[in-house]
Amino acid sequence: MLSHPPPFGLFDAVGQMHVGSTAVRKMIEEKKPVMVICGHIHEYEGQEILDETLVVKLGPAEKLRAAEIDIGDTIDVKFIQL
């Protein structure tokens, strides 16, 4: 799944507030996609497992950050500078 905002509670803290999407989080918890790729919150870049789903949070495009994702028997994520 591709999503502009990250799921609520993951890669989404701005100050003391979480600003991620509750709808994206609910979809992950109910549908359990293999992977979600998201962006929006510029302060974060990384990957984390939420339930059974790999969430890949891309870094900011303005800093020429991207991810190379290799999908095979496993999913390998490498964050890169363009």
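The values are calculated or read from the model by the stated rules, or taken from the named source; none is laboratory data. Predicted model only: the values in this text are computed from it and were never measured. When we count neighbours, we look across all protein chains shown, and the Cβ atoms used for this are built from the backbone with ideal geometry, even at glycine. Keep in mind that these areas ignore ligands, DNA and RNA; they rest on the heavy atoms of the full protein, side chains included. Shrake-Rupley method; radii C 1.70, N 1.55, O 1.52, S 1.80 Å.
Quick notes on this one:
- Among (1) touching a Gly at 6+ places or on another chain (Cβ under 7 Å); (2) open to solvent by 90 Å² or more (accessible area, probe 1.4 Å) - the single one Pro5 does not satisfy: (2)
- Any hit, region 57-77, residues being β-branched (Val, Ile, Thr), in contact with a helix residue (DSSP H, G or I) (Cβ under 9 Å, 6 or more places away or on another chain) and within 14 Å of Met1 (Cβ to Cβ): no
- Set side by side, the residues Glu43, Glu30 differ, and just one is out of contact with any strand residue (DSSP E or B) (no Cβ under 9 Å at 6 or more places or on another chain), free of Cβ contacts under 8 Å to residues at least 60 places away in the same chain, open to solvent by 90 Å² or more (accessible area, probe 1.4 Å) and of a type outside the set (S, T, N, Q), which is Glu30.
- In region 33-53, residue nearest to the chain's Cα centre (by Cα) [restricted to those that are of a type outside the set (Asp, Glu) and over 17 Å from Pro5 (Cβ atoms)]: Ile49
- Residue list for region 5-22, restricted to those being aliphatic (A, V, I, L, M) and under 17 Å from Glu52 (Cα atoms): Leu10
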